[in-house]
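Participant: Sharing a structure here in structure tokens format.
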Amino acid sequence: MDNFTIAQKTLELESNAVMAQIKHLDSNFKKAALLMKNCKGHVVVVGLGKSGLIGRKVSATMSSIGIPSIFLHPAEGLHGDLGVLMKKDVAMLLSYSGETEEIKKVLPVVKKIGIKTIAMTGKPKAQVWHDCDAIIDCSVEKEACQYNLAPTSSTTAMLAMGDALALTVSNLKGFKKEDLAIFHPLGTIGKKLTMQVKDLMRKGKENPVVKFNATVEASLFVMTGTRVGATSVVDVAGKLIGFFTDGDLRRYLQKDVDILKKNITLVMTKNPLVVTPDTMAINAAKILKRYNIDNIPVVDKNNKPVGVIDQGDLLKEGIE
């Protein structure tokens, strides 16, 4: 079997393992979701080895979408860190085999404290889980490993089930996009959720504007001076009446070599697309992409150009 075939088979087996988890969305899954939704403390995720790595990611996902969560390493827990647990928490224990020695030792202590417990496992009938309040089955038929040994399909399925549970609980708790912005103040997600056009637009001397009586040549100097490659055109009252870009210039030069001496109003785009300062930056990016343009004027409530937003500035912030 060549390397490409191995890669293809791996993806097929793991994707099938994830799809097969749909049949495990049963009463136990629903009970687990309600336990987490009603939790007054933290969802404490516990796992060791590969399951622990999956648990860390699931815990991080929950914290980012409105479900307070922490990860607890079971070995560290057995050496004092179990003190982090409180009765109002919910513990979610991950072990595909149900035979992880540290999990077996942690679980009785968790129950003694009076904490509700959720198991996420490939062996839902394992003896260790008999006292758990909800047991989520995430078993798979076969590992993607050619020897059916290395955790591959099983960890992928466990991660997918963890995401499914987290998103279900988040929805039950009424988590909204606006809430997501609070937990992601930095990075691409935060910028997409919070950044407005006014935060990125070029304004003042960097905002190219010419009057209606300017020539194309004069307009070109303004465009070049601001490095935007476009300019807004205003009437005598300073209101936007058109927009002209270097792309327009190239197209007109092919038709008329004397275009530079002509009035800008003869070649500008009349009634151009505009955005306002409080338009979300992500929405401005969508407009640029939809109409295949590089920049767009920003106008105030009186239709006066107060800035220009450029695709390059959006891309620098990871907004596209």
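Derivation of every value follows stated rules applied to the coordinates shown; laboratory data play no part. All figures in this text were calculated on a predicted structure; none of them were measured in a lab. Glycine also receives a Cβ, built like all others from the backbone with ideal geometry; neighbour counts cover every protein chain displayed.
Participant: Any chance you could run the full-extension gain for residue 237 through residue 262? It's 0.36 nm times the residue separation minus the Cα-Cα distance, nm to one decimal.
Facilitator: Contour length minus Cα-Cα distance gives 6.8 nm.
Participant: Could you tell me the calculated FRET efficiency between residue 25 and residue 315, based on Cβ-Cβ distance and R0 = 35 angstrom, to the nearest 0.05?
Facilitator: Once the sixth-power term is evaluated, E becomes 0.35.
Participant: Check residue 136: other-chain or 5+ apart residues with amide H under 5 Å from its amide H, H built from backbone geometry?
Facilitator: 119, 120, 121
Participant: Sticking with this structure for a sec: Rounded to the nearest angstrom and ordered from largest down, what semi-axes does the equivalent ellipsoid of the chain get from its C-alpha gyration tensor (root of 5λ)?
Facilitator: Output for the chain: semi-axes of 59, 23, 14 Å.
Participant: Give the percent of DSSP beta bridges with both residues in the chain that are antiparallel, rounded to the nearest 5.
Facilitator: Of the beta bridges lying entirely in the chain, close to 40 percent run antiparallel.
Participant: Once you charge only the Cβ atoms, +1 for Lys and Arg and -1 for Asp and Glu, what is the size of the charge dipole of segment 197-316 about its Cα centre, to the nearest 20 debye?
Facilitator: 140 debye
Participant: Amide H to amide H under 5 Å from residue 212: which residues, 5+ apart in sequence or cross-chain, H placed 1.01 Å off N in plane?
Facilitator: 234
Participant: What do you get for the angle between helix 153-172 and the principal long axis of the chain? Use alpha-carbon atoms, 0 to 90 degrees, nearest ten.
Facilitator: The two axes meet at around 70 degrees.
Participant: Send over the per residue convex hull volume for segment 197-316, Cα only, as a whole number of Å³.
Facilitator: That works out to 95 Å³ per residue.
Participant: Now for a separate question. Name the lysines eligible as straight-distance cross-link partners of residue 9: C-alpha to C-alpha under 20 Å, and not fewer than 8 places from it in the same chain.
Facilitator: Of all the lysines, those that pass the test against residue 9 - Cα under 20 Å, at least 8 places apart if same chain - are 142.
Participant: May I ask you to derive the relative contact order of the chain, considering only C-alpha pairs under 8 Å and at least 6 residues apart, and to give it as an integer percent?
Facilitator: 15 percent
Participant: What is the angle, in °, between the Cα long axis of helix 49-64 and the longest principal axis of the Cα atoms in the chain? Nearest 10 is fine, range 0 to 90.
Facilitator: The two axes meet at around 50 degrees.
Participant: Under unit Cβ charges (Lys, Arg +1; Asp, Glu -1), what dipole magnitude, rounded to 20 debye, does the chain have relative to its Cα centre?
Facilitator: 880 debye
Participant: Expressed as a whole number of Å, what is the distance separating the alpha-carbon centroids of segment 1-64 and segment 259-274?
Facilitator: 57 Å
Participant: Please report the net charge: other residues with Cβ closer than 12 Å to the Cβ of residue 123, K and R +1, D and E -1.
Facilitator: -1
Participant: Then there's this: Among bridges DSSP assigns within segment 225-320, what percent are antiparallel (round to 5)?
Facilitator: 90 percent
Participant: I need to check one value: relative contact order of segment 197-316, counting alpha carbon pairs closer than 8 Å and at least 6 residues apart, in percent.
Facilitator: Relative contact order for segment 197-316 comes out at 32 percent.
Participant: Between 176, 125, 301, where does the largest GNM mean-square fluctuation fall for the chain, given springs only between Cα atoms within less than 10 Å?
Facilitator: Maximum among the listed residues: 301.
Participant: Among 145, 39, 132, which one shows the highest mean-square fluctuation when the chain is modelled as a Gaussian network with alpha-carbon springs under 10 Å?
Facilitator: Evaluated over the chain, the most mobile residue of the options is 145.
Participant: By how many nm would the segment from residue 203 to residue 218 grow when fully extended, if each residue of separation counts as 0.36 nm and the alpha-carbon distance is taken off?
Facilitator: Net length gain for the segment: 3.4 nm.
Participant: In addition: When a/c is below 1.5 the answer is rounded, else prolate if a/b is larger than b/c, else oblate, so apply that to segment 3-175 with a ≥ b ≥ c taken from the square roots of the Cα gyration tensor eigenvalues.
Facilitator: Because a/c hits 1.5 or more and a/b exceeds b/c, segment 3-175 counts as prolate.
Participant: Could you give the nm distance between label points at residue 99 and residue 250, where each point is 7 Å from its Cα heading toward the beta carbon?
Facilitator: For the pair residue 99/residue 250, the computed spacing is 6.6 nm.
Participant: If each Cα of segment 9-93 is one equal point scatterer, what is log10 of I(q)/I(0) from the Debye formula at q = 0.22, 0.23 Å⁻¹?
Facilitator: Computed log10 I(q)/I(0) values: -1.13, -1.18.
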